[in-house]
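Before any comments, here is the structure.
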């Protein structure tokens with residue numbers, strides 16, 4: 001019921017404008033269109049990523065191209081696909097919670113937290129890959145747990161399959177593959193070493209082979225496994241390991257505090273650290289209690305594979321963000337796949353704490369009602385935040401698919417007046433989405449910076465479309481730009497202007 005409600009909610013909220021759009025979303029949609037037309041994995045949107053589709057794996061545009069073949073345009077296809085996926089995330093999360101949480105009331109509250117999760121819901125409104133990636137991660141965890149319980153090869157195969165699909169959806173899926181290998185070869189599996197080695201080999205082959213084919217294709221076409229990241233002029237690798245860890249903790253903290261306390265002095269990392277110690281001590285106490293009862297496992301000790309998945313994924317993400325050049329801090333959506341797991345571990349900790357406190361102090365019903373009341377407040381705050389997001393998205397749209405772009409006088413002029421040369425902009429994605437004009441970032445207007453997209457225009461005219469109400473992360477200061485180039489104003493509007501320059 002909650003899953004169906006989630007699907008209908010996303011469909012309703014995106015009814016007016018459709019799925020939200022961003023730079024990545026444009027790449028997925030244009031690639032899907034070209035793939036459906038038989039042109040292969042290429043992008044029309046040249047703003048940042050070039051023509052060859054290499055910065056992302058192929059699963060998402062392939063699914064959108066399949067929907068296009070049955071008459072559903074890719075952007076609409078992304079809308080319905082992510083609505084369906086959101087419903088499945090809610091449903092499968094509930095199934096995962098039922099595997100560990102004994103209280104039906106707590107299972108319902110935990111599932112409602114997924115339904116009203118601001119990050120999961122908001123990204124499901126966009127034409128982005130994270131919702132399906134999160135769903136594949138949950139399915140991977142469920143079948144990994146089934147395999148550990150019954151040790152059947154069909155469950156091992158399905159675990160490897162979902163790990164492989166997660167890599168074909170996002171390159172970060174390699175963390176699931178690594179976590180799966182660690183779990184199946186771990187001594188905690190209580191199987192002979194040779195048997196565990198066989199499990200790891202089977203899992204690894206199933207999980208790695210599909211993605212290996214795609215990576216080899218990338219190497220042949222671009223000489224890079226996942227595309228070359230290009231930094232803007234003046235940008236360096238400014239984000240240290242500590243900064244990425246700090247930001248990761250802040251993102252996770254907002255999952256549990258989905259509202260602004262208005263206390264700027266609160267150190268969210270310290271709060272989370274205290275909370276983590278609290279949960280850990282709870283697990284230790286519960287485990288000691290169960291050992292005294294002749295070794296019965298607690299639901300916390302049975303959930304160790306989930307903890308491995310969370311740790312491996314988080315560490316891999318932080319390491320990747322620290323090692324790979326980036327102009328922005330770690331994006332919160334990259335942590336989306338582990339939110340359901342984090343909620344599961346918290347609720348297991350709550351249930352175990354209730355068991356320990358009841359044994360020590362009694363008052364079982366009072367403690368249960370208090371815990372349920374606090375979790376209900378958590379659900380209520382999440383609902384309020386998500387309902388506000390849903391209302392704004394329904395009224396004004398999501399991302400670039402909004403009033404700001406569609407009602408822009410600048411974009412309206414560009415639709416009516418095609419430009420006869422190369423186009424550069426501080427917001428090329430907005431320009432392409434609203435007008436169909438393939439624009440490049442301003443950083444490549446300066447001849448000293450190599451463009452990843454070769455010029456195909458026979459004209460010498462180079463146009464600069466400056467969107468003054470939309471400031472992209474690659475935005476160039478106009479005064480700095482005009483001092484380097486001889487710019488002539490073509491048209492000016494309340495939200496931006498168009499300039500032209502000629503090569504000399």
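Nothing in this text is a laboratory measurement; each read-out follows from the coordinates by a stated rule. Model, not experiment: these values are computed from the prediction. No Cβ is skipped: glycine too gets one built from the backbone with ideal geometry, and neighbour counts run over all protein chains shown.
For the pair segment 1-77 / segment 196-217, the C-alpha centres are spaced 27 Å from each other. Residues of segment 91-120 with an amide N closer than 20 Å to a point placed 7 Å from the Cα of residue 376 along the Cα-to-Cβ direction: 102-117. Given R0 = 30 Å, the distance between the Cβ atoms of residue 365 and residue 5 translates into a calculated FRET efficiency of 0.50.
Fewest-first ordering of 350, 318 by other beta carbons within 10 Å of each residue's beta carbon gives 318, 350. By the count of neighbouring beta-carbon atoms within 10 Å, fewest first, 425, 438, 494 end up ordered 494, 438, 425. When 386, 111 are sorted by how many other C-beta atoms sit within 10 angstrom of their C-beta, beginning with the fewest, the order is 386, 111.
The Cα center of segment 368-418 and the Cα center of segment 162-179 differ in position by 29 Å. Using the Cα gyration tensor of segment 313-407, with a ≥ b ≥ c the square roots of its eigenvalues, what is the shape: rounded (a/c below 1.5), prolate (a/b larger than b/c) or oblate (neither)? Note, shape of segment 313-407 comes out oblate.
Using a simple spin-label model with pseudo-atoms 7 Å out from Cα toward Cβ, residue 69 and residue 420 lie 4.3 nm apart.
Using alpha carbons only, what's the Rg to Rh ratio of segment 121-238 with Rh from Kirkwood? Answer for segment 121-238: 1.08.
Anisotropy class assigned to segment 83-157 is oblate, per the alpha carbon gyration tensor with a/c at or over the 1.5 cut-off and a/b no larger than b/c. Here the spin labels are modelled as points 7 Å beyond Cα on the Cα-Cβ line, and at residue 468 and residue 209 they lie 5.9 nm apart. Computed from label points 7 Å out along Cα-Cβ, the spacing between residue 202 and residue 358 is 3.9 nm.
Can you tell me the convex hull volume per residue for segment 18-102, based on C-alpha atoms, in Å³ to the nearest whole number?
114
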